[in-house]
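The values are calculated or read from the model by the stated rules, or taken from the named source; none is laboratory data. This one's a predicted model, so the numbers in the text were calculated from it and none came from an experiment. Here the Cβ positions follow ideal geometry from the backbone for every residue, glycine too, while neighbour counts run over all protein chains shown. Each accessible area value is taken on the protein alone, full model and side chains, heavy atoms only, with ligands, DNA and RNA left out. Shrake-Rupley method; radii C 1.70, N 1.55, O 1.52, S 1.80 Å.
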Amino acid sequence: MPFKPADNPKCPKCGKSVYAAEERVAGGLKWHKMCFKCGLCQKLLDSTNCSEHEGELYCKVCHARKFGPKGYGFGGGAGCLSMDTGDHLKAENAGVRTNGACLESRVIAKAPPGEGCPRCGGCVYAAEQMLARGRAWHKECFKCGDCQKRLDSTNCCEGSDKDIYCKVCYGKKFGPKGYGYGKGAGVLQSDPYANGGVGHGGISSLGLVCDLKDKEWQSDLAPRTTVIDTAAIKAPPGKGCPRCGGVVFAAEQVLAKGREWHRKCFKCRDCHKTLDSIIACDGPDSDVYCKTCYGKKWGPHGYGFACGSGFLQTDGLTEEEISANRPYYNPDTTSIKAPKGQGCPRCGGMVFAAEQQLAKGTMWHKKCFNCAECHRPLDSMLACDGPDKEIHCRACYAKLFGPRGFGYGHAPTLVSTDTDPHVTYTEQMPFTGPKAAKGQGCPRCGFPVYAAEQMNSKNGTWHKRCFSCADCHRSLDSTNLCDGPNGEIYCRGCYGRNFGPKGVGFGLGAGTLTMA
């Protein structure tokens with residue numbers, strides 16, 4: 001079989017084969033490195049400044065000069081006014097073949113009716129689509145329908161004739177006409193006026209009135225503003241604006257006192273100052289006032305409730321009239337009686353959240369939260385709940401319900417009038433009265449245990465006095481407490497002696513050798 005050389009692509013500029021080591025790609029074609037230059041100025045190009053047009057390469061400057069927009073505004077300085085196409089740069093290369101590529105005209109596949117580009121009817125692919133009017137357009141077809149200016153998403157306007165326009169052409173074609181809609185005297189002309197004409201002796205569709213008697217035209221070119229008094233549209237009783245009684249629509253409503261007001265009616269009742277949500281004050285007469293008028297009419301009067309002596313006057317009102325106009329206020333909350341078992345335990349009045357104090361699971365008034373004996377004001381640190389369903393300070397609680405006897409009181413308890421030097425300890429129970437239910441009181445004495453004196457162990461809640469070792473009666477705390485299996489509490493020594501292991505090594509001294 002004879003040898004066939006590989007078919008390499010041809011360079012469009014020189015027509016020779018292009019190999020991989022020296023190829024440059026642009027416009028879907030492969031070029032030699034030395035042929036990859038501008039067709040006008042012969043400047044060597046790269047991928048950053050290369051522009052391709054109909055199989056020919058140009059730098060960006062030459063491409064804009066030859067194929068870019070011309071005229072005033074497209075460039076910097078007076079040079080942009082020229083119509084130079086760069087043909088003078090081709091004089092020296094007139095006889096040189098610049099392009100040997102064979103290009104075919106672009107063929108666009110037609111899309112089904114209603115699915116392709118609205119302008120050319122071809123299929124639009126994702127890489128080149130532009131969206132407008134819910135349809136996809138070619139990037140080349142995405143132009144103004146009048147001036148053919150290229151559009152983008154910022155200056156595209158969709159017309160009512162299912163076409164797209166730039167903002168200027170859209171304003172000319174569909175925008176308002178007449179005086180005031182534009183810049184300069186040209187806007188004084190209106191195309192519909194000139195085209196449609198006006199008949200004599202009647203009223204045209206544009207509002208031109210012809211008076212046959214005076215032969216004078218009266219044109220109403222300015223837009224007519226219609227002012228509607230919404231107060232004339234009456235609402236059902238209790239549902240409209242509280243000031244005028246008219247229907248309040250959403251575009252003008254202002255809310256106050258849970259009612260809807262007209263924006264123009266939302267004024268101070270006395271001085272008619274326009275109000276907003278910052279300075280509006282709801283009066284007790286279901287009307288609104290500014291802060292100044294509200295203070296004069298409903299605020300406190302007298303010395304100290306303003307600046308300067310001018311506010312000492314009360315506008316000729318007597319004290320009875322001032323008191324009658326003020327809202328009723330009773331500072332005594334005990335006058336509001338609560339249901340039985342739900343109010344303050346001392347006065348029986350309703351307890352509100354701003355003044356409540358908690359004790360024994362009940363709510364007390366702040367002014368009632370004091371010691372039942374000495375009436376000392378209490379707080380959560382000083383209050384002690386007594387068995388009489390009252391609260392006491394710590395001193396009064398100890399006097400009434402605390403342990404008694406030697407050591408539990410003041411120094412006079414140490415004095416004995418008996419000549420006998422020995423001291424007799426009387427066994428006294430911590431409380432008098434009924435015992436607690438089985439399993440709920442102190443495990444040792446059986447009487448109720450209150451919060452001010454309780455001590456906790458594994459076996460239950462104890463009185464502070466009963467919280468001692470069952471054998472040696474030594475006072476205990478959480479560091480030396482041992483709960484016995486018999487429900488009693490012991491110190492560590494007595495617990496080890498009664499329930500700990502016995503024998504050699506478990507104890508101190510020779511006594512531990514016994515098995516007692």
Open item on the list: Restricting to region 359-381, name every residue that is within 23 Å of P448 (Cβ to Cβ), modelled with pLDDT of 85 or more and open to solvent by 50 Å² or more (accessible area, probe 1.4 Å).
Closed with: M363, E373
TODO: Being farther than 25 Å from C396 by Cα, open to solvent by less than 30 Å² (accessible area, probe 1.4 Å) and in a loop (DSSP other than H, G, I, E, B) is the filter here, so list the residues in region 438-475 that pass it.
DONE: C469
Task: Output for region 127-142, where each listed residue is farther than 19 Å from S160 by Cβ and part of a loop (DSSP other than H, G, I, E, B) - done: A127, E128, K139, E140, C141
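Here's the yes/no breakdown for (1) over 30 Å from P112 (Cα atoms); (2) modelled with pLDDT under 50; (3) surrounded by fewer than 14 Cβ atoms within 10 Å (Cβ to Cβ):
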| position | (1), (2), (3) |
| --- | --- |
| C123 | no, no, no |
| A136 | no, no, no |
| C147 | no, no, yes |
| S153 | no, no, yes |
| G186 | yes, yes, yes |
| S190 | yes, yes, no |
| G201 | yes, yes, yes |
| G207 | yes, yes, yes |
| D211 | yes, yes, yes |
Open item on the list: With the requirement that a residue be open to solvent by less than 20 Å² (accessible area, probe 1.4 Å) and in contact with a strand residue (DSSP E or B) (Cβ under 9 Å, 6 or more places away or on another chain), what does region 476-504 give you?
Closed with: L476, G484, I489, Y490, C491, C494
TODO: Exactly one condition in (1) modelled with pLDDT of 85 or more; (2) buried (at least 16 other Cβ atoms within 10 Å of the Cβ); (3) in a loop (DSSP other than H, G, I, E, B) is not met by G507; state its number.
DONE: (1)
Task: So G349, is it small (G, A, S), modelled with pLDDT of 70 or more and in the same structural domain as C371 (by the TED database) - done: yes
Task: region 40-50, residues that are part of a strand (DSSP E or B) and surrounded by fewer than 20 Cβ atoms within 10 Å (Cβ to Cβ) - done: L44
Open item on the list: Condition (residue is surrounded by 14 or more Cβ atoms within 10 Å (Cβ to Cβ) and either over 44 Å from the mean Cα position of the chain (by Cα) or at pLDDT 85 or above (or both)) applied to region 298-313: is it met by at least one residue?
Closed with: no
Task: All positions within region 26-39 that are outside any loop (DSSP other than H, G, I, E, B), under 60 Å from the mean Cα position of the chain (by Cα) and without any contact (Cβ under 8 Å) to a residue 40 or more places away in the chain - done: A26, K30, K37
Task: Given (1) open to solvent by less than 80 Å² (accessible area, probe 1.4 Å); (2) within 22 Å of K149 (Cα to Cα), number of the condition K37 does not satisfy - done: (2)
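For A26, are the conditions met, namely being at pLDDT 85 or above, under 29 Å from K149 (Cα atoms) and among the small types (G, A, S)?
So A26 does not fit the description; no.
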- [ ] State all residues of region 337-358 that are hydrophobic (A, V, I, L, M, F, W, C), open to solvent by 40 Å² or more (accessible area, probe 1.4 Å) and more than 15 Å from A451 (Cβ to Cβ); if no residue qualifies, say none.
- [x] M350, F352, A353, A354
